[in-house]
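First comes the structure, then the notes that go with it.
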Amino acid sequence: MILDAHTHIFPPEVCRRREDFFADEPAFRLLYDSPKAKLLTPEEMLKALEEAEVEAAVVLGFPWRQERLWRRQHEIILEAVRRWPRRLIGFCAVHPLEPGAPREVERCLAAGFRGVGELAWYLEDLGGDLMHVLAPIAELCQHYRAPLLLHVNDPLGPSYPGKAAISLSEIYNTIRAFPEVTWILAHWGGGLPFYALMKKEAPEVFRRVYFDTAASPYLYRPEIYRLAAEMVGPEKVLFGSDYPLLPVSRYLKEMQEANLPEDWREMILGKNLAGLLGW
């Protein structure tokens, strides 16, 4: 069984004419200016899941700055999960700096969305404001018992489109401030799994934290699957492809190269997400 914890879909009009949305959404342009950056509708995602033999996937949108685009995005996701409830799992995405973001998150969670994310701030440096910015959304996730998925990247290494100014210490402090929230940190948490080895505090802070594998073949050697699972526990790793960024086959190949125990592989590929979402 394969369950994908991290994929992206868009409304049909965005897929048809992405350039119409560039002027007022610079972060969207940053990530999707290249025609090689694929955009998929829900129907196209469903077809891709069938071809890859993925049983179900969490579908995410984009953290638009404009509220009208949030609402259109969530309309498309909600319609899709109602049509294919055993194949698509809807999360809602907003830009956390926009004043209407908590209101939209509450509207979506009340409507049946299963989680929040992928929250990202590609062009801003939230620095020491991160906890304050995320607090209203984290409180809603705690109330609705919905996981909160954050875009997290390593602060070191080469630059690439979508690599944000990330403070790992601020993310850690925010998680610590909301211990009852279930957090999913995308892209291996930008290196945070290493700190799970600390003797004091960090293991308790990471009690409800999961790490997804999104974009791993671009970022890390295959050994990351085994090493990260050893650090945080294989039960805390979620397979996420970031599709259509990368095909599922790339991840399966690297997991094979990592020589994971079969039970770990089964947990990462689906059992962990199934347990987390009650799927």
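The values are calculated or read from the model by the stated rules, or taken from the named source; none is laboratory data. Keep in mind that this is a model prediction, so the values were computed, not measured. Virtual Cβ from ideal backbone geometry, glycine too; neighbours counted across all protein chains shown.
If I filter segment 110-134 down to residues being outside any loop (DSSP other than H, G, I, E, B), in contact with a strand residue (DSSP E or B) (Cβ under 7 Å, 6 or more places away or on another chain) and free of Cβ contacts under 8 Å to residues at least 60 places away in the same chain, which single residue comes out as surrounded by the fewest Cβ atoms within 10 Å (Cβ to Cβ)?
For segment 110-134, the residue satisfying everything is Leu119.
Contact list please: Cβ distance under 6 Å, first residue in segment 212-241 and within 21 Å of Thr7 (Cα to Cα) and touching a residue at least 40 places away in the same chain (Cβ under 8 Å), second residue charged (D, E, K, R) and part of a loop (DSSP other than H, G, I, E, B), pairs at least six apart or on different chains.
Short answer, once both residue conditions are applied: Ala214/Asp242.
Considering segment 169-194 alone, what residues qualify as being assigned to a helix (DSSP H, G or I), in contact (Cβ under 8 Å) with a residue 24 or more places away in the chain and more than 15 Å from Arg207 (Cβ to Cβ)?
Residues satisfying the conditions are Glu170, Ile171, Asn173, His187, Trp188, Gly190, Gly191, Phe194.
Can you go through Ala165, Ala196 and tell me which one is farther than 21 Å from Asn272 by Cα, over 15 Å from the mean Cα position of the chain (by Cα) and of a type in the set (A, V, I, L, M, F, W, C)?
Ala165
Out of all the residues in segment 124-146, which are of a type in the set (Gly, Ala, Ser) and closer than 14 Å to Ile175 by Cα?
Gly128, Ala135, Ala138 - these are the residues of segment 124-146 that are of a type in the set (Gly, Ala, Ser) and closer than 14 Å to Ile175 by Cα.
Can you work out which of the residues in segment 261-279 that are closer than 18 Å to Glu53 by Cβ and touching a residue at least 60 places away in the same chain (Cβ under 8 Å) is nearest to the chain's Cα centre (by Cα)?
Among residues in segment 261-279 that are closer than 18 Å to Glu53 by Cβ and touching a residue at least 60 places away in the same chain (Cβ under 8 Å), the one nearest to the chain's Cα centre (by Cα) is Leu273.
For segment 218-227, check the following and say yes or no: at least one residue is in a helix (DSSP H, G or I), within 30 Å of Phe10 (Cβ to Cβ) and of a type in the set (Val, Ile, Thr).
There is at least one residue in segment 218-227 that is in a helix (DSSP H, G or I), within 30 Å of Phe10 (Cβ to Cβ) and of a type in the set (Val, Ile, Thr).
Among the aromatic types (Phe, Trp, Tyr), in contact with an Asp or Glu (Cβ under 7 Å, 6 or more places away or on another chain), at pLDDT 95 or above and part of a loop (DSSP other than H, G, I, E, B) - does that describe any residue in segment 237-251?
yes
Take Ala214 and decide whether it is of a type in the set (A, V, I, L, M, F, W, C), assigned to a loop (DSSP other than H, G, I, E, B), under 30 Å from Gly112 (Cα atoms) and at pLDDT 95 or above.
yes
Out of Leu109, Leu39, which single residue is under 21 Å from Leu140 (Cα atoms) and under 18 Å from the mean Cα position of the chain (by Cα)?
Leu109
Each row is one residue, and each column tells you yes or no for (1) of a type in the set (Asp, Glu); (2) under 15 Å from the mean Cα position of the chain (by Cα).
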| site | (1), (2) |
| --- | --- |
| Trp183 | no, yes |
| Pro217 | no, no |
| Tyr220 | no, no |
| Glu223 | yes, no |
| Leu238 | no, yes |
| Asp242 | yes, yes |
| Leu246 | no, yes |
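Suppose we filter Arg103, Arg16, Arg87 for residues that are surrounded by 18 or more Cβ atoms within 10 Å (Cβ to Cβ) and of a type in the set (D, E, K, R); which single one remains?
Going through Arg103, Arg16, Arg87 in turn, the sole match is Arg87.
Out of (1) part of a helix (DSSP H, G or I); (2) without any contact (Cβ under 8 Å) to a residue 60 or more places away in the chain; (3) within 18 Å of the chain's Cα centre (by Cα), what's the single condition that is false for Gln73?
If we test Gln73 against (1) part of a helix (DSSP H, G or I); (2) without any contact (Cβ under 8 Å) to a residue 60 or more places away in the chain; (3) within 18 Å of the chain's Cα centre (by Cα), just (2) comes out false.
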